[in-house]
Structures are given as structure tokens and as C-alpha cells.
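Student: Sharing a structure below in C-alpha cells format, with a few things to ask.
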Amino acid sequence: MKYYQLSIEDVPLSEFLFREAGESKTNLRFRKLYLDLVCTRCRKLDEIAALRRGIDLDVSFKFARDIMMSSDDQVIVSARFRDMVQSVAPDEIEFYEIPSNCALSVAIPKILISPAEKDDAFNITGKCGLCGRYTEATWGAGIPKIPADCNIVAYRLETHVGMLARWEVNERVAHILKHSRPKLKGLILRAR
Ligand SMILES: [Zn+2]
């Protein structure tokens, strides 16, 4: 089956989920709630453990889109997007509610594939000797392999900010998302 890369339109002003302004206001630090989830060597946060713990009450997004990125590269979706995805691919995505606005949630596909070091679909640099995370994992020249019979998967890329889940959806899901009316705001789908 044909797959589509899902990407998201940029928004001028987003918010951080896991970070807040430090005392000097010019630097950012992880919220106190998550400090024990930060690797003491590479200083990356375990984002999934943080989401399971919950999102701070003062994190709020003011936007009128169905899908967008937080400033720390997590995918935020509207209730409409969530309901639509739940009906076409039930139980394939984990949703973490944003308490200040229950219509929004952070969304992460349950099939989250870590790039293999020798796979030419990825460029990998550095690996933490303590938590095992890559310093960076970005797209390479090759085409990533998608497990058979998946509606939605994500590749777990890495940047200096942290985890960056890049979604792929199959043709059936792409067709439904693309043709929803009114259009889903913020969504970009490109055939592989
Ligand atoms: Zn580490």
C-alpha cells in the first residue's frame, strides 16, 4: 500500500509542553514536574514518561487548528482530529489530554519506530551511553521500511530539543483525512 508523510503547517507562536522560562527569563529549563525524568548525561527528557505523568495546568495553546506542533516538537491535535483518527484507525494513537484545554491533546502513534543505526533511511549522530538515545536522528537518503498492515506509524527522529515523531499514514487514512469537510486545518499530506 502507498504511504503518505504527514507534516504540519508552521505556526508563528506555539508553546512548550515540558519547558518553562528560567529565572533570567532568557533561558528555558525543564519544568520541575519532570526533572527526575531528565537523563543526567545527555540532558534529554523522557517525553513519553512525562506525558504519562501529565501536562502542567498552566500550559495552554491558543489556536484554531486541527493539528500543530508544540515548541518542543510534539504533535497537538483538536478533538475533531482525534475523533476522526479514532474512527478510521481505532487505538493506533495514544492521546494525552492538555488539562487547561480538554479539546486538545498530544498525539503519539503507538507504533513508534526507533531508527536502526545501519539503516540508510536515517542519518544518526551520537548515542548517549546512559539512556541510549541518539543525539540526532534525521532522514537519510533511503526510504524507511514500514511494517505491513499499518494504518499509522511514526519514526522516532531526534533533535537537540528531543524526540520528533514523524508520522506516516496509509492511503486509506490519508484519503479520509484529506477529504474531510471542513478541511482539517494545519495538516499537510505528501505521497512517498
Ligand atoms: Zn542520555
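Student: If Ala49 meets every condition in (1) in contact with a helix residue (DSSP H, G or I) (Cβ under 7 Å, 6 or more places away or on another chain); (2) more than 16 Å from the ligand (Cβ to nearest atom); (3) modelled with pLDDT of 95 or more apart from one, which number is that one?
Tutor: With (1) in contact with a helix residue (DSSP H, G or I) (Cβ under 7 Å, 6 or more places away or on another chain); (2) more than 16 Å from the ligand (Cβ to nearest atom); (3) modelled with pLDDT of 95 or more applied to Ala49, the lone miss is (2).
Student: Further, regarding this structure: Could you say which residue among Ser24, Ser70 is more than 16 Å from the ligand (Cβ to nearest atom) and under 30 Å from Val173 (Cα atoms)? Break it down stepwise before answering.
Tutor: Working: Ser24 fails: under 30 Å from Val173 (Cα atoms).
Only one candidate passes the filter, namely Ser70.
Student: Scan region 77-94 and tell me whether some residue there is charged (D, E, K, R), within 27 Å of Gly129 (Cα to Cα), modelled with pLDDT of 95 or more and outside any loop (DSSP other than H, G, I, E, B).
Tutor: Of all residues in region 77-94, those charged (D, E, K, R) come to 80, 82-83, 91-92, 94.
Narrowing further to those that are within 27 Å of Gly129 (Cα to Cα): none.
No.
Student: If you go through region 120-132 one residue at a time, do you hit one that is free of Cβ contacts under 8 Å to residues at least 12 places away in the same chain, surrounded by 14 or more Cβ atoms within 10 Å (Cβ to Cβ) and out of contact with any Leu (no Cβ under 7 Å at 6 or more places or on another chain)?
Tutor: Looking for residues that are free of Cβ contacts under 8 Å to residues at least 12 places away in the same chain, surrounded by 14 or more Cβ atoms within 10 Å (Cβ to Cβ) and out of contact with any Leu (no Cβ under 7 Å at 6 or more places or on another chain), one finds at least one in region 120-132, hence yes.
Student: Among all residue pairs at least 6 apart or on different chains, which show Cβ distances below 7 Å where the first residue, located in region 36-56, is hydroxyl-bearing (Ser, Thr, Tyr) and the second is in a loop (DSSP other than H, G, I, E, B) and near the ligand (Cβ under 8 Å from one of its atoms)?
Tutor: Thr40/Leu130
Student: Among the residues of region 162-186, count how many are in contact (Cβ under 8 Å) with a residue 24 or more places away in the chain, in a loop (DSSP other than H, G, I, E, B) and over 30 Å from Cys42 (Cβ atoms). Show your work before the answer.
Tutor: Just the residues of region 162-186 that are in contact (Cβ under 8 Å) with a residue 24 or more places away in the chain, to begin with: 162-174, 176-177, 180, 184-186.
Going one step further and asking which of them are in a loop (DSSP other than H, G, I, E, B), we end up with 162, 180, 184-186.
Next, only the ones that are over 30 Å from Cys42 (Cβ atoms) stay: 180, 184-186.
Qualifying residue count for the region: 4.
Student: Confirm whether Ile146 is β-branched (Val, Ile, Thr), in a strand (DSSP E or B), in contact with a strand residue (DSSP E or B) (Cβ under 9 Å, 6 or more places away or on another chain) and more than 16 Å from the ligand (Cβ to nearest atom).
Tutor: Details: β-branched (Val, Ile, Thr): yes; in a strand (DSSP E or B): no; in contact with a strand residue (DSSP E or B) (Cβ under 9 Å, 6 or more places away or on another chain): yes; more than 16 Å from the ligand (Cβ to nearest atom): yes.
Answer is no for this residue.
The values are calculated or read from the model by the stated rules, or taken from the named source; none is laboratory data. The structure displayed is predicted, hence computed values, not measured ones. Here the Cβ is made from the backbone with ideal geometry for all residues, glycine too, and neighbour counts use every protein chain on show.
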